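Just below is one structure, and these are the notes that go with it.
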Amino acid sequence: MTIAPLKVLMLGWDAPAGAEATPATTAALVSALAPHAALTLLLPHLTEPMHLPAPATATGLGNLTAEELALADTHFNAPHPETWQSPMAPYLGGTVGTDATGPATPAAPYIGSSEAAPAAAPGQVAAAEPTPADTAQTVETATLLNADAFAADEAEPDAQEAAALDFTELAGAEPEATDQDGAPYSETPAPTAPVAAIQPAPAATPVGPQSVLTVALEALRTPAVSDADLNFRVIQYARFATRLAASQEFAVIYAADWQAWLAGLELRQLTGKPLVLHVHSLAQDRNTAADRGWVLELERLALRRADLVLAASSALALRVLELHELPPQRVRRLSAAAAQDPARLAEAILTALQEVAPA
């Protein structure tokens with residue numbers, strides 16, 4: 001019987017140049033993994049096509065067009081009922097007290113509950129249900145401080161009181177009309193100065209979805225030259241890698257470096273598939289301005305929510321356990337020999353992915 005290869009979604013990043021390059025961030029590792037797994041590789045940008053054996057594929061997000069990214073957005077924003085979980089009663093949408101197709105009924109004592117009110121004890125009179133009139137009266141009583149006083153002030157005078165009124169004082173000449181400044185009012189309008197024609201303002205250039213996608217594509221195609229550029233590029237990669245991968249079929253997520261961890265977290269949250277992180281260094285130990293703030297928080301969240309963490313050395317594995325208090329069974333130490341040999345590294349990674357992949 002032929003065993004189907006493991007379907008792996010690999011979230012990669014640009015290979016660093018020079019002495020910083022490692023087998024885990026080079027095309028050699030991808031070439032070593034591809035023959036043994038149904039690999040779907042997502043990178044920020046591909047400078048040249050990668051020739052991988054089928055069914056492995058490699059996609060550079062920056063190599064896509066704005067129309068292709070917009071199509072991925074449309075698929076991602078479509079409802080996915082298989083990822084939605086019904087809330088527990090008595091909240092709206094809970095299914096307690098109804099069948100699978102009927103409307104949800106919350107549990108007592110919330111409004112809309114179908115639970116019967118408790119019966120009155122012998123010798124007691126059951127409380128009557130309030131009528132709309134009673135409710136209106138209650139609202140009026142709670143709103144007006146003294147309804148009788150208001151009614152007395154606004155009541156019409158009776159016949160005797162109306163006859164006693166003296167209208168002679170009201171029959172005199174009407175006072176001269178004045179404006180708000182006290183000057184005599186004239187019906188003849190005063191001459192006004194001509195008003196200059198208002199020139200219409202130049203129309204602003206509309207900022208539509210296509211222009212936003214163009215900015216994101218440019219960021220993915222261009223290597224970051226500053227900390228702000230790197231942050232923006234990481235966010236755009238996570239945004240579009242998540243949307244593109246939502247239409248793919250895979251069993252496990254492998255994030256090859258910290259820049260891909262945000263995308264890994266999003267996909268784990270969206271699909272529930274296990275997430276494996278590869279750690280080459282920790283932000284707290286890199287000691288640069290770019291590795292502070294949100295990068296530290298991203299590292300903390302990703303390492304704690306990952307199903308398995310692969311550390312590039314024994315010292316790094318101990319550092320991960322010390323700083324983030326992870327269970328030891330969730331951290332794997334890769335041998336020094338594997339760190340230098342893409343084939344042995346690929347074998348160790350595949351073994352770890354198969355441990356967490358669903359049966």
May I ask for the distance between the Cα centers of segment 257-298 and segment 335-358, given as a whole number of Å?
-> 19 Å
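Of the accessible area of segment 205-359, with the probe set at 1.4 angstrom, what percent is carbon plus sulfur?
Of the solvent-accessible surface of segment 205-359, carbon and sulfur hold 54 percent.
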Beta carbons within 10 angstrom, averaged per residue: use that to sort the peptides 323-332, 291-300, highest first.
-> 291-300, 323-332
Residue-wise, which Karplus ³J(HN,Hα) couplings in Hz belong to segment 341-350, taking 6.51 cos²θ - 1.76 cosθ + 1.60, θ = phi - 60°, and x for glycine or proline?
-> 10, x, 5, 5, 5, 4, 5, 5, 5, 4
For a quick protection proxy, order the peptides 252-259, 45-52, 5-12, 230-237 by their average other-Cβ count within 10 Å, most packed first.
-> 252-259, 5-12, 230-237, 45-52
Tell me which residues come under 5 Å, amide H to amide H, from A58 once H is placed; ignore anything under 5 positions away on its chain.
-> L41
Across 10 Å bins from the origin, how do the percents of Cα pairs in segment 244-352 run, short distances first?
-> 14, 47, 33, 7
Once amide H atoms are built 1.01 Å from N in the peptide plane, which residues 5 or more positions from A38, or in another chain, come under 5 Å H to H?
-> L6, K7, V8
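The values are calculated or read from the model by the stated rules, or taken from the named source; none is laboratory data. Note that the structure is predicted; figures quoted are calculated from it, not measured. When we count neighbours, we look across all protein chains shown, and the Cβ atoms used for this are built from the backbone with ideal geometry, even at glycine. Remember, those area values only see protein heavy atoms, side chains included, never the ligands or the DNA or RNA. Shrake-Rupley method; radii C 1.70, N 1.55, O 1.52, S 1.80 Å.
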